[in-house]
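Written out below as structure tokens is the structure these notes cover.
The values are calculated or read from the model by the stated rules, or taken from the named source; none is laboratory data. None of the values given here were measured: they were computed from a predicted structure. Glycine gets a Cβ as well: all are built from the backbone with ideal geometry, and neighbour counts include every protein chain shown. Side chains included, ligands, DNA and RNA excluded: accessible areas come from the protein's heavy atoms. Shrake-Rupley method; radii C 1.70, N 1.55, O 1.52, S 1.80 Å.
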Amino acid sequence: MSTIRTIGVVGAGAWGTALAQTARLAGRNVALWAREAEVADEINSAHRNSIFLPGVPLDPGVVAT
């Protein structure tokens, strides 16, 4: 039986960001696809999504594109 190591999440809104964070905390590599470039930039540089999920720090392993 294989273990899923990498997860891709389409959509960096509140639900997508929360799902990405949960998967990362479960030890998965996470790629999060954001529609807005500024959202992806903030997730990658500041490890937060202040537009859609304010007040929740994100693991640096959540990588957005």
Original post:
Can you run phi through the Karplus equation (6.51, -1.76, 1.60; θ = phi - 60°) for the stretch 14-29 and list ³J(HN,Hα) in whole Hz, with x for Gly and Pro?
Top reply: 4, 5, x, 5, 5, 5, 4, 5, 4, 5, 5, 5, 7, x, 8, 7
Original post:
To the nearest 10 square angstrom, how much accessible area does Asp59 have with a 1.4 angstrom probe?
Top reply: 40
Original post:
Ignoring ligands, DNA and RNA, what accessible area per residue does the chain give at 1.4 Å, in Å²?
Top reply: 64
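Of the DSSP beta bridges with both residues in the stretch 7-64, give the percent that are antiparallel, rounding to the nearest 5.
Details: 1 of 8 bridges.
Antiparallel bridges make up about 10 percent of those DSSP assigns within the stretch 7-64.
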Original post:
According to a simple spin-label model (label point 7 Å from Cα along Cα-to-Cβ), what is the distance in nm between Ser45 and Asp59?
Top reply: 2.4
Subject >> the chain - mean residue ellipticity at 222 nm from DSSP helices (-39,500 (n - 2.57) per run, n ≥ 4, rounded to 500) >> reply: -10000 deg cm²/dmol
Subject >> Summed residue charge, Cβ within 13 Å of Ile51's Cβ, Lys/Arg positive, Asp/Glu negative >> reply: -2
Original post:
Where does the charge balance sit around Ala12 when Lys and Arg score +1, Asp and Glu -1, over other residues with C-beta under 12 Å from its C-beta?
Top reply: -2
Original post:
Taking the Cβ of Gly61 as the center, what net charge do the other residues with Cβ under 11 Å away carry, scoring Lys and Arg +1 and Asp and Glu -1?
Top reply: +1
